[in-house]
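A short write-up of the structure that comes next.
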Amino acid sequence: TMSKIQLTDMNGQSHILDAVEGWRVMEIIREHGFDVGGLCGGACACATCHVEVDGQWLEKLHPANDDEEAMLDTVPVLTDGSRLSCQIIFTPELDGLAVRLVANG
Ligand code: FES
């Protein structure tokens, strides 16, 4: 069966998205028609793809590298769960990953 991402939109509504292994989480969200930014195409150079990752999932992700940290420093509202969704490559271990869209400008 297909792996899933649980997305909470800006209105607080929950959506279950089919997730393709090897795709960036940003690409998966965008493919389903949600406005997740992604202006730089995943090059870690715009921070428009900023999302908030649910706390229980944070530890299952590889930590942000220096480039991602630097871009995260530019977002309007940074939280403990803040990540750039283009820097998270979807793997089967992330089945059920819960992320929330946030306002980025
Ligand atoms: Fe630009 Fe993620 S798409 S930093």
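Details
- Single residue of the stretch 70-81 satisfying the filter (surrounded by 11 or more Cβ atoms within 10 Å (Cβ to Cβ) and more than 12 Å from the ligand (Cβ to nearest atom)) that is nearest to Val25 (Cα to Cα): Gly81
- Residue within the stretch 86-98 that is in contact with a strand residue (DSSP E or B) (Cβ under 6 Å, 6 or more places away or on another chain), under 18 Å from Gly12 (Cα atoms) and surrounded by 16 or more Cβ atoms within 10 Å (Cβ to Cβ) present: yes
- The number of residues in the stretch 27-59 being more than 9 Å from the ligand (Cβ to nearest atom), more than 15 Å from Ile89 (Cβ to Cβ) and touching a residue at least 12 places away in the same chain (Cβ under 8 Å) comes to 8.
- Each residue in the stretch 17-62 was checked for being loosely packed, with under 12 Cβ neighbours inside 10 Å and outside any loop (DSSP other than H, G, I, E, B), and 2 pass.
Laboratory data are not the source of any read-out in this text; all were calculated from the coordinates shown. Keep in mind it's a predicted model, so treat the numbers as computed, not measured. A quick note on method: Cβ atoms are made from the backbone with ideal geometry, for glycine too, and the neighbour counts reach across all protein chains shown.
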